[in-house]
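Data block below; observations after.
The values are calculated or read from the model by the stated rules, or taken from the named source; none is laboratory data. Since the model is a prediction, treat every value here as computed from it, not as a measurement. Using ideal geometry, Cβ is built from the backbone for each residue, glycine included, and neighbour counts are taken over all protein chains shown. Note: areas computed on protein heavy atoms with side chains; ligands, DNA, RNA excluded. Shrake-Rupley method; radii C 1.70, N 1.55, O 1.52, S 1.80 Å.
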Amino acid sequence: MGAVKRNTLSVLFIIKKAKLLKNGEAPICMRITVNKRVAEVMIKRSIPIDLWNQKKECSKGKDRIATELNHYINTVRAKVLQIHRELEIDNKPITADIIKDCFYGRDKVQRSLLEVYAEHNEKCRALIGKEYTESTVTKFDTSINRLKEYIRSCYHRDDIMLAELDGQFIRDFDFWLKTEKHCQNNSALKHLKNLKKVVRIALTNDWIKKDPFAYYRFKLEETDPEFLTMDEIKIIIGKEFTIKRVEQVRDVFIFCVFTGLAFSDVKDLSPEHLVKDNKGELWIRKNRQKTKIMCNIPVLPVAASILEKYKNVAECTGKLLPVLSNQRMNSYLKEIADVCGLQKNLCTHSARHSYATSICLANGVSMENVAKMLGHADTSVTKHYARVLDQNIFKDMQKVNSC
């Protein structure tokens, strides 16, 4: 019998001078050669051309960055040699591409973070109208884009493997969102909660062993959104606008003030959502788009007059009111607040808060009934909308005085 043919392995580190990065540095490439067959691996590190020593395959620098780079190159080389040795011991076929796959962990079905995140978003997009709304999927897309920015900015890579995720990654991402992207605490938490959803998928599929969120605690800050008093609502109602589009935004906003409908629900409002009871009173009966809980809302005279004003809209569009995009509505509402002399940062959601506070609670409507009209599962959610008004305090104190 002839001698067993041995595999000849060569590991060489070179720089790609023809593919300089935006910062002017050259990416470092590991060239694996087995029996004259070559596979290349970009090791996600780069170096200024003049600092590279090709003979020694390392950086000439003496600073910390150079030391860390040279240590990383040695670690990568050692990993490839170990992979080759293990393949030989297990008597498995050895090629440059097989070693490359083992290096990337493809033989262990390792997945990358952004790859899994993108798959999650695509599945959610396919379920729009069934389990998700388009706006929710858009928020997932925004979150993955923030994550891409973070990885490029802090890791100088296009993606990371799931196995690299740890608690420090989560804490640093949180810090980056608040400092580099100027996110407020609650906005940053939304991105982190979306990431946690993807991490749960990875844990369920056994793609990662440890939960990087295990010791991370979400701390949601209580917010105090703007709401209008009845006097301020009357100022907006009484204001005349010469521009039709601004007038329409005002009318839609006031309709929400007197019905408590969220933007997504008023945008979707159609004739089928209007019903009359046995006394002839008009009601809005509609499942909330966000929670699918049924809302039962009596149509007050102000809201009824707005529906009458735009009755021709339903004939043309099938919707009851001419609702713009949320972004454009908010832009016009800031203009309306300025024109009306109101020092408040109005947005579409301010109407829902105003309904709960100034229309309902200020007039003695019980928390339970407000919850039903807003489509809340219980009053604990409704209490977030409740604001203690001076007039309520005064009424309560009058009761004390009468004792």
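Quick notes
- Listed pairs K92/K210; K19/K55; K16/K56 exceeding 24 Å between Cα atoms: K92/K210
- Here the accessible area of segment 8-105 is 53 percent carbon and sulfur, with a 1.4 angstrom probe and all protein chains present.
- Qualifying GluC sites (Glu not before Pro) in segment 37-79, where qualification requires a DSSP coil assignment and no more than 12 other C-beta atoms within 10 Å, are lacking entirely.
- The mean accessible area for residues of the chain, using a 1.4 Å probe and ignoring ligands and nucleic acids, is 60 Å² per residue.
- Computed helical MRE - 222 nm, the chain, DSSP H runs ≥ 4 contributing -39500 (n - 2.57), nearest 500: -15000 deg cm²/dmol
- Listed by chain and number, the lysines placed with their C-alpha closer than 17 angstrom to that of K239 are K309, K334, K344; residues fewer than eight positions away on the same chain are left out.
- Rounded to the nearest 10 degrees, the inclination of helix 167-179 to the longest alpha-carbon principal axis of the chain is 50 degrees.
- Normalised by residue number, the volume inside the convex hull of the Cα atoms of segment 14-144 is 172 Å³ per residue.
- For the chain, share of DSSP beta bridges that run antiparallel, in % to the nearest 5: 95
- Longest DSSP-loop-exposure-free segment, chymotrypsin sites (Phe, Trp or Tyr not before Pro), the chain, at most 15 other Cβ within 10 Å: 1-214
- Computed over protein heavy atoms with a 1.4 Å probe, the carbon and sulfur contribution to the accessible area of segment 134-273 reaches 49%.
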